[in-house]
Amino acid sequence: MEAVKLGNKFHPHSSYTNSSSFSNTHFGLIKFRKTHIGFEPKIQKKWTSLSLSGGERLKEEIFLEKKQRDFSVKCTAEGIERGLLVGGRSDEESEFVVAERFKVVALMACVMCLCNADRVVMSVAIVPLAAKYGWSSSFLGIVQSSFLWGYIFSSVIGGALVDKYGGKKVIAWGAALWSLATLLTPWAANHSTISLLAIRAFFGLAEGVALPSMNTLLSRWFPSHERATAVGISMGGFHLGNVVGLVLTPLFMSSVGISGPFILFSSLGLLWLTTWINRVTNDPQESNSITKAELRLIQAGKSDSPPLKKGELPPLQLLLSKMPTWAIIFANVTNNWGYFVLLSWMPVYFKTVFNVNLKQAAWFSAVPWGTMAFSGYVAGAASDFLIKAGYSLTFVRKVMQSIGFIGPGMSLLCLNYAKTPEVAAVMITIALSFSSFSQAGFLLNMQDIAPQYAGFLHGISNSAGTLAAIISTIGTGFFVQWLGSFQAFLTLTACLYFVTAIFWNIYATGERVF
């Protein structure tokens, strides 16, 4: 009697038929079925037609089972590496499996969209509020900049908290608080000007943690050769927030009233929060949903940086002693200067220069931001492609940042000569499309030179950039009131882009410094 292993048991058989050879048994041995990793071979344990001896049959079964396992692992790993939706079937029900890191970046893109939509609501609502309360152009700049008063203080603190506690908790608290502030803004505006300025400053305080949290969380969830694309997707959501805010705000104000868009976006923020808390972890190693193959892929493609120890302060003096740090700071200053001028003043610009109504101004202002969302993804994908092709990080960061500054500078100079709102919208669209390349420049460079202190470094540079944004937002109002034109300030901004591009190419590096 020979014992043959079937499943986990050994069954005796006294004889076997000799009517078929092994070469005729392959289709009886292996069938293909759908699983969560695609097609996988299914071993049929029907041995009565085999002409093999028991020992040979046992070896053949072990061989086939090993091939089955190798096939399954290979399919899973290949599907994850390619970043594809992997189709499959489980318990006779169809399902699709998405790599966990893409779920994380999708949720991050959503919250970045809400972050900017909440911010942009005021840029549209300020037009009827100014008419209602008789605010001057210079005072409009003060109201617009009040968001930045809180933002400048939370950047450094928020960055340090992200380094210590990770991005999940910090951005969750930030989203909860800025949604609350958004909800209270109409009440504050009706109550008093001081209340409005205070609630907008609190709003900025809460939103200051968003970008450091995004940068750190994505650096942990994505390998280095995918990080620029992940940031491009998240920042694409950020820029689409401008479109959503600029388009939906006038529609809701005309149908519901000024409070309508504020209630809408604050509610969406709280809805996002419930999903985020339950689905995302600070690190892929803490996730219960991630596959081992995806975890290996992430860990193989990035360098882990330990968090700061309890009670340890980031080395501010050391960070500021190196020129690559200053290259990032100056790049952030210039980027925020130009970005907030366009973000805060575009509806007013189209209303003042071309005398278009509020809804038309919102549409003219929204189109460039939508294009920027797409170009940011293109910049990230191009950056990752160059890195995979073997170009150095230093070269890639310098190329991307040069495009991100020289392109907007040239476009703003041309904007001075625009005679119609359509031409102006094209020039602004080109400026913002080129500007999005900065996401694959200085924004990623913080993780390159100081992975352990990236959140804190982001906070430092963002605080300096926020100060520049305050100056540019208020300064635009005074320049327009003083000179009666936007041209002088646009020219000044273009020159700042060119000077910083030169500084960046001299001192920036993609090598680790700290």
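Please enumerate the residues belonging to the stretch 469-481 that are open to solvent by 10 Å² or more (accessible area, probe 1.4 Å) and at pLDDT 75 or above.
Let us first name the residues in the stretch 469-481 that are open to solvent by 10 Å² or more (accessible area, probe 1.4 Å), namely 470-471, 474-475, 478-481.
Passing the criteria: Ile470, Ile471, Ile474, Gly475, Phe478, Phe479.
Scanning the stretch 246-269 turns up no residue that is within 24 Å of Gly404 (Cα to Cα), at pLDDT below 90, open to solvent by 20 Å² or more (accessible area, probe 1.4 Å) and out of contact with any Phe, Trp or Tyr (no Cβ under 8 Å at 6 or more places or on another chain). For the residues Met235, Met253, the requirement of being in a helix (DSSP H, G or I), in contact (Cβ under 8 Å) with a residue 24 or more places away in the chain and under 20 Å from Ala382 (Cα atoms) singles out Met235. Does the stretch 76-94 contain any residue that is open to solvent by less than 30 Å² (accessible area, probe 1.4 Å), part of a helix (DSSP H, G or I) and either at pLDDT 80 or above or touching a Phe, Trp or Tyr at 6+ places or on another chain (Cβ under 8 Å) (or both)? No: the stretch 76-94 contains no residue that is open to solvent by less than 30 Å² (accessible area, probe 1.4 Å), part of a helix (DSSP H, G or I) and either at pLDDT 80 or above or touching a Phe, Trp or Tyr at 6+ places or on another chain (Cβ under 8 Å) (or both). A Cβ distance below 6 Å, combined with a sequence gap of six or more or placement on separate chains, defines the contacts here; from the stretch 268-296, residues that are closer than 27 Å to Arg119 by Cβ reach residues that are polar (S, T, N, Q) in the pairs Gly269/Ser179; Leu270/Ser179. Can Ala206 be described as buried (at least 22 other Cβ atoms within 10 Å of the Cβ) and modelled with pLDDT of 90 or more? Answer is yes for this residue.
Screening Asn190, Asn215 for residues that are in a helix (DSSP H, G or I), of a type outside the set (Ser, Thr, Tyr) and open to solvent by 30 Å² or more (accessible area, probe 1.4 Å) leaves exactly one candidate, Asn190. If you take the residues of the stretch 364-392 that are in a helix (DSSP H, G or I) and without any contact (Cβ under 8 Å) to a residue 24 or more places away in the chain, which of them is most open to solvent (accessible area, probe 1.4 Å)? Taking the candidates together, the pick is Phe385.
The one condition from (1) farther than 30 Å from Ser224 by Cα; (2) open to solvent by 10 Å² or more (accessible area, probe 1.4 Å); (3) in contact with a Gly (Cβ under 7 Å, 6 or more places away or on another chain); (4) not β-branched (Val, Ile, Thr) that Gln439 does not meet is (1).
With respect to the conditions (1) open to solvent by 60 Å² or more (accessible area, probe 1.4 Å); (2) under 18 Å from Glu511 (Cα atoms); (3) of a type in the set (A, V, I, L, M, F, W, C), Ile406 lacks only one, and its number is (2). Inclusion of Phe395 among residues that are in a helix (DSSP H, G or I), under 20 Å from Val378 (Cα atoms), at pLDDT 90 or above and in contact with a Pro (Cβ under 8 Å, 6 or more places away or on another chain) is not warranted.
The values are calculated or read from the model by the stated rules, or taken from the named source; none is laboratory data. The model shown is predicted, which means the values in this text are computed figures rather than measured ones. For neighbour counting, all protein chains shown are included, and Cβ atoms are generated from backbone atoms with ideal geometry for every residue, glycine included. Just so you know, the surface numbers come from the protein's heavy atoms only, side chains and all, with ligands and any DNA or RNA stripped out. Shrake-Rupley method; radii C 1.70, N 1.55, O 1.52, S 1.80 Å.
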